[in-house]
Amino acid sequence: MKINDKFLKKYNKSGPRYTSYPPATFFTPEYKNIDLKKSVILSNTEDPQNISVYIHIPFCPQLCHFCGCTTETGFTKPFLNSYVDAIIKEIRLVAKDINPNRKLTQVHWGGGTPNAIAYNHIEKITNAIKESFTFTDDYEMAIECSPAYFEFKHIELLKEFGFNRISLGIQDFRQDVLDAINRKGPKLPIGEIINKIKEEGFTGTNIDLVYGLPLQTVESFNDTVDKAIALDTDRIVTFSYAHVPSVIERQKVLEKIGFPSMEDKAKMYQNAYDKFTEAGYVAIGMDHFAKPHDQFAIALGNKNLHRNFQGYCTRATTGQVYGFGASSISQLHSAYSQNEKNSAKYIKRIEEDGLAVIRGYQMTDRDKIVRQMINEVMCNYYVDVNVIAKDFGITTENVYQAVEFSIDKFEEFIKDGLMDIEGDDIKVNETGRLVIRNIAMKFDPLLTKGVGSYSKTI
């Protein structure tokens, strides 16, 4: 994978990350609590039948300047107690409308900093999930953790509660970079944490890195990548820092320090890609790398990789996502629903109404076709239009009409060797993965409406 300045100037444009289709920028306040209830009931008759649960813990002891997640600080113990009670109430209410014969395959805890709250709260919410849903034997329950607040006894407790995957948000191994983004360093050596996770029998370990942060250089990020490889985890994620201060005001602080150049940022990704693949990892989607035995790598090989708000997943394990907590998003087959972002408002609405929807989106039949097309491109780098037509019981011509397909839209990508289109087969080549968002945008008929502010694609 080789990138030059001409390539960057041509393709480094603003665009959606497509963690959903349509993106959350299209959600509207016209979608209410009653609409979510109807959507949940409808979801029982739709695919996938599996259930995924997302728990959002928005609290952080201190806020990182770079983070784009919905987070809060300064919380008290009584307030946290109320928040946990609200989540449990929401889980139990929504579960009443979900067919009890459906099985739960995934639970994901995100934040904020989920491991910064008391572990009895984590246990309490987990028990409520277990009481409300039936888990499959091979379920995955994952939690995002900051090494700054992690001790060995915490790993033991998480294992006891039923967690089997831990994702460590390292971001960078250099303390000066962490200081610049207002992030605390690890409480214990990362290597010892990873070894403890393995010893406790967790089936999976992720580490997250971010490139494009202040004070990072090509050489320093090379060193970070080497250290990450030495940890020998199942998955490594290299997120591209998304600078959108118009949306996330706290990011403006970082402008005083400055960022790596566009060219250096691209080199960071290219070097990381080369190093990880040379070390035996398989490149997954835009930013993930997985060991060949990992289910992501296997799913990619079988063209069964999928993606939702929780991240990459496999078609075998993915479910419709039911989100709980402030700002959480439910991602159902025919609708998206997002909760109140402010945790105090969330608690109040749950206590008064049982639900706390602030906005959402009802999917049209056309949206669903476009979503599948974009998912296949983003996840598997390959689309057989005949398969999509068969899935929806329509003609290939109907699929092309839905995405407003024109070969002219892809002329530059094809000429630059980034993708090939032969008949009804669409294939993205290795270098094309770097601009996968650009390619996906060409299948998006809503993009012309210009809704939302997006980060750069590279």
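Odds and ends about this structure:
- DSSP beta bridge pairing in the chain, given as percent antiparallel to the nearest 5: 45
- For H288, net neighbour charge (Lys/Arg +1, Asp/Glu -1) across residues whose Cβ lies under 14 Å away: +2
- Loop-located chymotrypsin sites (Phe, Trp or Tyr not before Pro) in region 326-370 (DSSP state not H, G, I, E or B) with no more than 12 neighbouring Cβ atoms inside 10 Å do not occur.
- The mean sequence separation of alpha-carbon pairs under 8 Å and at least six residues apart, normalised by the residue count of region 365-449, gives a relative contact order of 35 percent.
- The Kirkwood hydrodynamic radius of region 1-145, based on inverse pair distances between different Cα atoms, is 18.1 Å.
- Here the simple spin-label model places points 7 Å from the Cα toward Cβ, and for L80 and K9 these points are separated by 5.2 nm.
- By the helix-only formula, in which each DSSP H run with n ≥ 4 contributes -39500 (n - 2.57) and the sum is divided by residues, the chain has a 222 nm mean residue ellipticity of -11000 deg cm²/dmol.
- Derived scalar couplings ³J(HN,Hα) [region 412-427; Karplus, 6.51 cos²θ - 1.76 cosθ + 1.60; whole Hz; x for Gly, Pro]: 5, 4, 5, 4, 8, x, 8, 7, 9, 10, 10, x, 9, 9, 10, 10
- Calculated log₁₀ intensity ratio I(q)/I(0) where the Debye formula runs over C-alpha points of region 322-455, q = 0.12, 0.17, 0.20 Å⁻¹: -0.59, -0.94, -1.14
- Exceeding the 25 Å Cα-Cα cut-off - candidates K9/K227; K9/K442; K38/K345; K303/K390; K291/K427: K9/K227
- Only Lys, Arg (+1) and Asp, Glu (-1) charged, at Cβ; region 20-362 dipole about Cα centre in debye: 740
- Close amide H contacts of R359 (hydrogens built in the peptide plane, cut-off under 5 Å, sequence separation of 5 or more or a different chain): Q338.
- The alpha carbons of the chain stretch over 60, 51, 41 Å along the principal axes, in descending order.
- Alpha-carbon centroids, region 116-161 and region 169-220: separation in whole Å: 21
- Listed by chain and number, the aspartates and glutamates whose C-alpha is less than 12 Å from the C-alpha of K89, apart from same-chain residues fewer than 8 away, are E351, E352, D353.
- In sequence order, region 14-25 has phi-based couplings of 7, x, x, 8, 6, 5, 9, 9, x, x, 4, 5 Hz under the Karplus curve 6.51 cos²θ - 1.76 cosθ + 1.60, θ = phi - 60°, and Gly or Pro positions carry x.
- In Hz, Karplus ³J(HN,Hα) per residue of region 70-76 (6.51, -1.76, 1.60; θ = phi - 60°; x = Gly, Pro): 7, 9, 9, 9, x, 7, 9
- Of the GluC sites (Glu not before Pro) in region 13-88, those whose Cβ has at most 15 other Cβ within 10 Å and which sit in DSSP loop: E30, E46
- Here is the result for region 83-159: no GluC sites (Glu not before Pro) lie in DSSP coil with at most 12 other C-beta atoms within 10 angstrom of their C-beta.
- Spacing of the two label points (7 Å from each Cα toward its C-beta) at K303 and D391, in nm: 1.1
- In this structure the amide hydrogen of G204, modeled in the peptide plane, comes within under 5 Å of the amide hydrogens of I166, none closer than 5 places in sequence on its chain.
- Maximal additional length on extending the K130-D47 stretch stands at 27.7 nm, based on 0.36 nm per residue less the C-alpha distance.
- Net charge of Cβ neighbours under 12 Å - reference G68; Lys, Arg +1; Asp, Glu -1: +1
Only the coordinates and a few stated rules stand behind these numbers; no lab work does. All figures in this text were calculated on a predicted structure; none of them were measured in a lab. Because the Cβ atoms are built from the backbone with ideal geometry, glycine has one as well, and the counts that use them run over all protein chains shown.
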